[in-house]
Amino acid sequence: MRTMGLVGWNVWLWAAPSSQLQWGPVTDSISEGDVTVTLTANVVRMRWEMGNGDDVVCGAGTPWSSVRSRGGHNVASPTCGYVYEEDGIYTVSGTSEWEVDWSGGGWSGTLPLSLSREVEVIVGELQSVNVNP
């Protein structure tokens, strides 16, 4: 799906978790014999690669809605946003960076985990032309 934006306009960035499995915490245990291993995973940040060399790092972000943008359509996100300076077609990558804490059998540790998705965004210019009647 292609999304359209405008040069100089605010882009709202957010992760849209529909369940705890997409944001955390996620906890699970498994046992074998007398050893039980427990895992707990949480997203610690979102990293947005904007397709032009710029990165934005934030939390889950705030979903855009017309209610939140009352008073104007070009309202900045209160938690995570970006403004493109040039028109073009950009591949935006959103990466959730997780920390997975584990323990079992007298051992414990933390493992990093990154999950990514991409979307193509078209950013155009909006210009007005004044003419004499």
Point to revise | Failed condition for ALA41, given (1) touching a Ser or Thr at 6+ places or on another chain (Cβ under 7 Å); (2) not in a loop (DSSP other than H, G, I, E, B) | key: (1)
**Study point:** region 118-133 residues that are small (Gly, Ala, Ser), paired with ones that are part of a loop (DSSP other than H, G, I, E, B) and surrounded by 10 or more Cβ atoms within 10 Å (Cβ to Cβ) (beta carbon under 9 Å, 6 or more apart)
**Key:** GLY124/VAL7; GLY124/ASP87
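May I ask you to say which residue of THR40, THR3, THR91 is within 24 Å of GLU120 (Cβ to Cβ), at pLDDT 95 or above, touching an Asp or Glu at 6+ places or on another chain (Cβ under 8 Å) and β-branched (Val, Ile, Thr)?
On the way: THR40 fails: within 24 Å of GLU120 (Cβ to Cβ); THR3 fails: at pLDDT 95 or above.
Answer to the selection: THR91.
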Check your understanding: Considering GLY72, GLY61, GLY53, which residue is modelled with pLDDT of 95 or more and either farther than 15 Å from VAL121 by Cβ or surrounded by fewer than 14 Cβ atoms within 10 Å (Cβ to Cβ) (or both)?
Key -> GLY53
Check your understanding: Hey, does region 119-132 have a residue that's surrounded by fewer than 14 Cβ atoms within 10 Å (Cβ to Cβ), more than 25 Å from GLY5 (Cβ to Cβ) and modelled with pLDDT under 95?
Key -> yes
Exercise for review: Only strands (runs of 3 or more DSSP E) wholly contained in region 60-133 count here; list those with 2 or more residues that are more than 25 Å from TRP23 (Cα to Cα).
Suggested key: 88-104, 107-124
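The values are calculated or read from the model by the stated rules, or taken from the named source; none is laboratory data. Since we're looking at a predicted model, the values are computed, not measured. Don't worry about glycine lacking a Cβ; one is built from the backbone with ideal geometry, like all the others, and counts go over all protein chains shown.
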